[in-house]
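Please read the structure below before turning to the comments.
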Amino acid sequence: MTEPLLKVRDLTVNFGGLWAVNGVDFDVMPGERRAVIGPNGAGKTTLFNLLTGYYKPSRGSFAFNGQDLTGKQTHRIAKVGIARAFQITSIFPALSVFRNVQLARLARLGETWHFWGVVEGQHREDVALILEDTGLSPLAGERASHLSHGDQRALELAISLAMEPRLLLLDEPTAGMAPEETTQTMRLVRRIAEQRNLTLLFCEHDMEVVFDTAERILVMNMGRVLADGTPEEIRADPEVKRVYLGDEEVA
Amino acid sequence: MLLLQLLTGLSRAAELFLVAAGLSLVFGAMRIVNIAHGSFYMVGAFIAVTIAGTIGGSLGFIAAVIAVPLIVGAVAAVTEYVALRPLYGKEHLLQLLATFALMSIFHDVVRFTWGERPHRLRAPEILSGPVEWSGFFFPRYDIFLIGAAVVLAFGLWALLAKTGLGRDIRAAVSEPQMLQLVGVNVPRLFTVVFALGAALAAMGGLVSSPRGTVLLGMDVEIIIQAFAVVIIGGLGSLRGTAVGALLVGVVFAMSILWVPKAAMAMVFLIMVAVLLWRPEGLFGIPER
Amino acid sequence: MSRVMSSAQKDRLFTPARIGWSLLLLVALLAPLVVGERQLFLLMTVMTLAVFATSYNIILGYTGLVSFAHGAFYGVGAYSTTLVWLHLGWSPLLGFALAPFVSGAVAYISGLVAFRAVRLYFALLTLGIGQLIYIIVFQWRSVTHGDDGIHGMDLPTLLMPATNRYYFLLGATVLALVLMAISMRSPLGATLQAIRENPDRVGFLGVKVKRYSLAAFTLGGAFAGYAGAMFALMNRGSFPLLMHWTTSAEPIFVSLIGGLNSFAGPLVGAIVLGLLRDYITRHFLYWSAVLGVVLLVIILRMPGGIVEASQNLSGWVRRRSEGNGNGSRSEEAGNGQAGNGQERDDQ
């Protein structure tokens, strides 16, 4: 039996009396495509913040690739192989698309402190490859803030990819997108994940995306795990239906 | 002697409170660090000199007390509308630098209007002179200062806790995103807050003048101390400002007794210490 | 020099930027032949200001930090030079070489304290630290002569004539600017910009943001000291007012005028401000007000400063002459994007 890539045990965080994430237990297997769903306020983003070290848990732990990462700082966790693409696009607005990705590359290779050399053309091939994969090649010289929303999401993804992560956390990757964009994006994400042998953990509101892409689904509600299983199991789970899917259109 | 120095420290704290309260208020509600705050302090003092000098006597002083906050408040409102409002939502850096530019402008306006020589503002008779208490003589004006600050602190607290405006301000401080959602006219609120802050600073300038001279450079001098107070106490908290003012005022006054040259340095050391221990200040709101 | 260049621009040998720099250097080299001594001192002041402002640009323009302690580091540099002459009898040239290291060390220690605080408080904390240093220098009369300052420093005979001093400082300026340019064009410079744009994201990339910010702060402080030493050499002395926080305002103003978004901005701003100030203060008393108004106008209308405004202009001109836009350009003149580019709402 293969070891899970990510092991989360009793992960809990309390904000001023609110148990945003409460006793969450789950695993993510290597190469898996895992979704986290739940109503607004269920704790999905908080969970991601915990897993990337942005918040420190009040209780519980999580381990990645056998290494305990509980309480570690964000930059340490990033170095270990967990990358995150943000729900609210978090790019470098005044810098070019190329530079955005190049920076992630430099960070990955530990070259950000080099105070010599001209940064302009460094790692051109690597960056070009990633830009091509995410469909951003024609926009390489554009200032990131000038990009359309969809392209910014793609850039978001590109930056995460440049980190060569083993686990990619996608925070609502299709948020705010039209249906065609959504299909395109998720197709891109799946292709990249397969190409690079990435493990995906993503949270989403679009149920079609979730049931199409995810191999296993974690359902959260009010900070706790409500259900955990394959799409069929989740679809059939009465609790889930009552709390969540009851209000949603299932494809 | 010690007691006298303590009183001096308290009255200094009172001055600082008046000035710093405005600064903290503006920051808390508008998230702007107003470097020109000291300018309002200075302008207030100079206008007071003119009014009191023109009318003369105790009446002049009273007239100044009434007129100065109004005049300076009005000036501040106009300033906010012209120079700061266009910058809301932009980089905080730009806002900070704009207030810096304003300070430069005000400095020269004052210089142009009143020249470079020092001026004096005399306190009215009833407030001057010593008061005797168990064999010691205390300056009456210091007591007045402390009393005025206490009254104003209470007034501010009442304003914040009991009035609609106060409720809006408190909302701006703790839940800025909610403000527009609940229907508050944010630009107008900001103008009011800014004017209020400036009026407080001007009052501070007015009431501290009789104890020293009124001259150019007051703006720079006070803004540093006011910043120390709000850093220690925490921006955006009235309680913090009061505590910070007390700390700075008393520490400074007491330091004068033992290490006169390093009194200001003592204050800064405390400021650095507080920041190392609690980066937001003793009662400060977190930055986000 | 914009930080985002199209590939077309890079391949040309005679870029507008390079032509500009060469012309400037040429003018600077020939200046002593045409101007008198008073103007030479003015030019030296401008050069010192340019180095000072560019050093500040590392902290403000690149890393996005507002610091009011920079004047203090400048003063420390000046005093390092004069004090070692005064008390140890060292040559001012030695003092000049020493100054950046002393200032760098002071900046490092200050940074260790200042970076404990979050961004907004950081600015205020630097204010306090700067003033603390000022007060120390001011009060420590036995060593620093306090308010009187130190005067009449003996320079090597070769540097006594104004023209020679001018060329020495010109060389020093070029050296400083080249060193700073190299480090800012490097991956480090790009990382600092990323920190300015989105410090959280940089952390998520695995970079220790505070460490890099401290490095930028130290580097900027060291070059501020370098500029201070230049001042000391030029004026053969130093005085406490150099360290006052209002001195820290100067590079801010200069950067604003010239533009925060480019390496050359502060240089341009220094030239404009230096010459403008000299002219105005000779004819009109109220320089501060003029400066304040100019600044406000710039902040409100052209937040990118002169350099970006002129880039926008040249970009617009280029686009018009090229017909349809070829490829992608980052300077978009017409659609009001002439801001600093920091469209992310900070904090």
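A few remarks follow.
- Failed item, numbered, when C:SER142 is tested on (1) more than 7 Å from chain B (Cβ to nearest Cβ); (2) among the polar types (S, T, N, Q); (3) under 24 Å from B:LEU275 (Cβ atoms); (4) over 21 Å from the mean Cα position of the chain (by Cα): (3)
- Within segment C:252-303, the residues that satisfy the criterion of being within 19 Å of the chain's Cα centre (by Cα) and among the polar types (S, T, N, Q) are C:SER255, C:ASN261, C:SER262.
- A:THR182 vs. criteria away from chain C (no Cβ under 14 Å), without any contact (Cβ under 8 Å) to a residue 40 or more places away in the chain and closer than 22 Å to A:THR89 by Cα: yes
- Figure legend. Inter-residue proximity from segment C:262-291: first residues away from chain B (no Cβ under 12 Å) and acidic (Asp, Glu), second residues surrounded by fewer than 19 Cβ atoms within 10 Å (Cβ to Cβ) and assigned to a helix (DSSP H, G or I), beta-carbon distance below 8 Å, spacing 6+ or different chains. Indicated pairs: C:ASP278/C:LEU42.
- Checked against the criterion of being surrounded by fewer than 23 Cβ atoms within 10 Å (Cβ to Cβ), more than 26 Å from A:GLY53 (Cα to Cα), within 10 Å of chain C (Cβ to nearest Cβ) and modelled with pLDDT of 85 or more, segment A:90-112 contains one or more residues that satisfy it.
- Criterion (touching a strand residue (DSSP E or B) at 6+ places or on another chain (Cβ under 7 Å), in a helix (DSSP H, G or I), in contact (Cβ under 8 Å) with a residue 24 or more places away in the chain and not hydroxyl-bearing (Ser, Thr, Tyr)) met by exactly one of C:LEU127, C:LEU60, C:LEU93, C:LEU86: C:LEU86
- C:THR82, sole failed condition from (1) more than 21 Å from the chain's Cα centre (by Cα); (2) at pLDDT below 90: (2)
- Residues of segment C:128-179 that turn out to be among the hydroxyl-bearing types (Ser, Thr, Tyr), surrounded by fewer than 16 Cβ atoms within 10 Å (Cβ to Cβ) and under 24 Å from C:HIS87 (Cα atoms), as a count: 2
- Residues of segment B:239-271 classified as within 20 Å of B:VAL33 (Cα to Cα) and surrounded by 20 or more Cβ atoms within 10 Å (Cβ to Cβ), total: 9
- Filter result (of a type in the set (S, T, N, Q) and within 15 Å of the chain's Cα centre (by Cα)) within segment A:198-242: A:THR199, A:THR213
- Going through (1) over 12 Å from B:GLY197 (Cα atoms); (2) outside any helix (DSSP H, G or I); (3) not β-branched (Val, Ile, Thr) one by one, B:ASN34 falls short only on (1).
- Residue in segment B:60-67 that is surrounded by 14 or more Cβ atoms within 10 Å (Cβ to Cβ), part of a helix (DSSP H, G or I) and β-branched (Val, Ile, Thr) present: yes
Residue by residue, here is whether (1) outside any helix (DSSP H, G or I); (2) modelled with pLDDT of 55 or more; (3) within 17 Å of C:TYR62 (Cβ to Cβ); (4) aliphatic (A, V, I, L, M) holds:
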| residue | (1), (2), (3), (4) |
| --- | --- |
| C:GLY269 | no, yes, yes, no |
| C:THR281 | no, yes, no, no |
| C:GLY315 | no, yes, no, no |
| C:ARG329 | yes, no, no, no |
| C:ALA338 | yes, no, no, yes |
| C:GLN342 | yes, no, yes, no |
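- Residues (free of Cβ contacts under 8 Å to residues at least 24 places away in the same chain and within 30 Å of C:PHE138 (Cβ to Cβ)) located in segment C:150-184: C:MET160
The values are calculated or read from the model by the stated rules, or taken from the named source; none is laboratory data. The structure displayed is predicted, hence computed values, not measured ones. Don't worry about glycine lacking a Cβ; one is built from the backbone with ideal geometry, like all the others, and counts go over all protein chains shown.
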